[in-house]
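What follows is a set of notes on a single structure, which appears directly below.
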Amino acid sequence: MNTVELLVNVTPNETRLALVEAGTLKEIHIERTTKQGIVSNIYKGKVIRVLPGMQSAFVDIGLEKAGFLHAADIVSHTECVDENEKKQFVAKDISELVREGQDIIVQVVKDPLGTKGAKLTTDITLPSRYLVFMPENSHVGVSQRIEGEEERERLKEFVLPLCDELGGFIIRTAAEGANEDELIQDAAFLKRLWCKILERKSRKKAPAVLYEELAPTQRLLRDFIGKKFDIIYIDSQQCFVEVQAFTRCFMPELTDKLYHYRGENPLFDLHSVEIGIKQALQTRVDLKSGAYLIIEQTEAMTTIDINTGAFVGHHNLEETIFNTNIEAAKAIAHQLQLRNLGGMILIDFIDMQSDEHRERVLSSLRQALAEDRVKTNVNGFTQLGLVEMTRKRTRESLAHILCCECPSCKGRGSVKSLETVSYEISREIIRINHLFKSKEFIVYASPAVAEYLITEECHGLIAELEVFISKQIQIKSEQFYTQEQFDVIAI
């Protein structure tokens, strides 16, 4: 039975949500009060710099880094509207659209990532259960995922009269089958919310926040529209009460599926989520067949390499390679979703001679990615035999949230060998010996380097150096030194 569970773990400064399907961890969402996501927040900002050469502007929204607003993002919402319903917009020159010192209402579409500020748009949207409100836009759009023409027209007939001078709507996928009263209630709620935002705009000076997104749990439930949850466990009494009130108002079908977890064992331990998170931070992913993936995330892109490992197959080599790649394609789709990897992704499948096998592997990858809520695009094999694809990036990856740069290797992913550090120490001793008069030297190094220097593995380096400079050299171990760290003291 394919049971779908949502697990919510709440501590004073952190909320974690895990989506578990048939016992497998599919997604993990982590939000900390110190690094709370700001996607969908609405701000009254001030334009602080206009860059005609980049067709963009920097907007102060009250954060550490100014937000980035491109000329193309000063347009009306068209993302989930059917092609036949889209309006045609021509982006003007940025200098004609905004000016320095101007107050402007913007919404965050991407959280700040690394050294980059938040990505902004003037295309304000407010989502609810069935509708997305578009201020100052009388258009009614319908989600592309509602395919039946009769249902599309039925919904549009209900929603079109709800448009007025305040704005228009996009009908979300979840609205399929909804009745008129439900749509009217949604529209009324969104209009009240927009009026409150306008009221705040009139009395607040830029930069100021006008609207903040829902709490993590409520937001995720709203974004998981269409997902059939069997059960939702929440281990916090306060969070449980808040979510219960939210679902009664917006998602009544989920209210009976909410449970306040009071067990002695931690909720995430009980469902092996902690183990899943730990594995999702590893570079290597082992597959059931014995093959494995190597996933490496860099600033520019994510690369994935497939290796047969211990998998030797039962038939010929070509069949073994094909079966490994098929298994890897499904695992890759899962890992991209679990780790929330976005941007450009290059996949190095094991070389296949058959064009049919290559197409079947691509088809398997696309099919596995179809279950991902985040937009993906597989471009196929490049001339070098790599599969090039993209996955929309809306928030930081799991590794960026949970990890930081290694203080020893400084992000290189490797450290200098014992032999290399030993020769560096040797050169430093010789350099200092030329500069200062001294009787002897003391070398402080990490335990591993210190042991290497005084053992035969170093091939008598220290002994030969003592003869070369005619001075004694003492080696002392410093427990808290990293492998590359050392000090040479002249006495």
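The values are calculated or read from the model by the stated rules, or taken from the named source; none is laboratory data. What you see is a predicted model; the values in this text were computed from it and never measured. All Cβ positions, glycine included, derive from the backbone under ideal geometry; neighbour counts span all protein chains shown. Just the protein is used for accessible areas: all its heavy atoms, side chains included, with ligands, DNA and RNA removed. Shrake-Rupley method; radii C 1.70, N 1.55, O 1.52, S 1.80 Å.
Among the listed residues 382, 376, identify the single one that is among the polar types (S, T, N, Q) and in contact with a Lys or Arg (Cβ under 6 Å, 6 or more places away or on another chain). Write out each step before concluding.
Numbers: 382 fails: in contact with a Lys or Arg (Cβ under 6 Å, 6 or more places away or on another chain).
Criteria check complete, one pass: 376.
When you go through 187, 245 one by one, which is the residue that is surrounded by 16 or more Cβ atoms within 10 Å (Cβ to Cβ) and in a helix (DSSP H, G or I)?
Going through 187, 245 in turn, just one is surrounded by 16 or more Cβ atoms within 10 Å (Cβ to Cβ) and in a helix (DSSP H, G or I): 187.
For region 136-151, which residues satisfy the criterion of being more than 22 Å from residue 251 (Cα to Cα) and open to solvent by less than 30 Å² (accessible area, probe 1.4 Å)?
If the condition is that a residue be more than 22 Å from residue 251 (Cα to Cα) and open to solvent by less than 30 Å² (accessible area, probe 1.4 Å), then 137, 140, 141 are the ones that fit.
Among the listed residues 330, 257, which satisfies the condition of being touching a helix residue (DSSP H, G or I) at 6+ places or on another chain (Cβ under 9 Å), within 30 Å of residue 182 (Cα to Cα) and modelled with pLDDT of 90 or more? Give the steps one after another, and end with the answer.
On the way: 330 fails: within 30 Å of residue 182 (Cα to Cα).
The unique qualifying residue is 257.
Could you tell me whether region 214-223 includes any residue that is open to solvent by less than 60 Å² (accessible area, probe 1.4 Å), closer than 24 Å to residue 374 by Cβ and touching a Ser or Thr at 6+ places or on another chain (Cβ under 6 Å)?
Among the residues of region 214-223, at least one is open to solvent by less than 60 Å² (accessible area, probe 1.4 Å), closer than 24 Å to residue 374 by Cβ and touching a Ser or Thr at 6+ places or on another chain (Cβ under 6 Å), which makes the answer yes.
May I ask you to list the residues in region 172-184 that are part of a helix (DSSP H, G or I) and either open to solvent by 30 Å² or more (accessible area, probe 1.4 Å) or farther than 13 Å from residue 132 by Cβ (or both)?
173, 180, 181, 182, 184
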